[in-house]
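Please read the structure below before turning to the comments.
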Amino acid sequence: MTDFKITQKINKQSGIANIEIQGSLTIENCDSIKNKFIKAYNNFNELNITLKNIDKIDLTTIQLLYSIAKPDNNTNKKITFNTDFPEQIINLLKTTGLNNIFNNKNYN
């Protein structure tokens, strides 16, 4: 099991925030994810969110990630996800019908 970790690297010159999240994506960590996202969203035009070494995910976090991934047509913000989920999480995404929310993967 990987400990939950969230880091952010920013490039103020290009207006890009890179957020990397690792470990257990569960309800216990949703506030940290949401707060980091909101801060980056309010300060940058482009966000690259990398999810790696994910060993657990629950429906609460899936819903949070869905709300982040859902395009906001009222802004010029660009949000990109980079994911490498294990098979068990891919199956959960398929079961919930949310397997297409991440724009770099099509988990069909």
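The values are calculated or read from the model by the stated rules, or taken from the named source; none is laboratory data. Note that this is a predicted model, so its numbers are computed, not measured. Every residue, glycine as well, gets a Cβ built from its backbone with ideal geometry; the counts of neighbours run over all protein chains shown.
Residues that are hydroxyl-bearing (Ser, Thr, Tyr) and at pLDDT below 90 occur in region 59-67; there is at least one. Only a single item in (1) of a type in the set (S, T, N, Q); (2) within 11 Å of the chain's Cα centre (by Cα); (3) within 23 Å of Asn76 (Cβ to Cβ); (4) not in a strand (DSSP E or B) is not met by Gln13, and it is number (2). Beta carbons closer than 8 Å, at least 6 apart along the sequence or on distinct chains, pair a first residue in region 60-80 that is under 15 Å from Thr50 (Cα atoms) and among the aromatic types (Phe, Trp, Tyr) with a second that is assigned to a loop (DSSP other than H, G, I, E, B) and modelled with pLDDT under 85 for Tyr66/Leu98; Tyr66/Ile101. Figure legend. Inter-residue proximity from region 95-108: first residues modelled with pLDDT of 55 or more and among the β-branched types (Val, Ile, Thr), second residues surrounded by fewer than 13 Cβ atoms within 10 Å (Cβ to Cβ) and part of a loop (DSSP other than H, G, I, E, B), beta-carbon distance below 9 Å, spacing 6+ or different chains. Indicated pairs: Ile101/Lys70. Can you find a residue in region 26-45 that is closer than 16 Å to Ile101 by Cα, surrounded by 13 or more Cβ atoms within 10 Å (Cβ to Cβ) and modelled with pLDDT of 90 or more? No: region 26-45 contains no residue that is closer than 16 Å to Ile101 by Cα, surrounded by 13 or more Cβ atoms within 10 Å (Cβ to Cβ) and modelled with pLDDT of 90 or more. When Thr7, Thr83, Thr60 are screened for being buried (at least 17 other Cβ atoms within 10 Å of the Cβ) and among the hydroxyl-bearing types (Ser, Thr, Tyr), only Thr83 passes.
Scanning region 30-58 for residues that are out of contact with any helix residue (DSSP H, G or I) (no Cβ under 7 Å at 6 or more places or on another chain) and in a helix (DSSP H, G or I) turns up Asp31, Ser32, Asn35, Lys36, Ile38, Lys39, Ala40, Tyr41, Asn42, Asn43. Just to be sure before I move on: is Ile49 closer than 25 Å to Ile90 by Cα, of a type in the set (A, V, I, L, M, F, W, C) and surrounded by fewer than 16 Cβ atoms within 10 Å (Cβ to Cβ) in the structure I sent? The answer is no for Ile49.
Are any residues in region 59-76 outside any helix (DSSP H, G or I) and of a type in the set (Val, Ile, Thr), and if so, which ones?
Passing the criteria: only Thr75.
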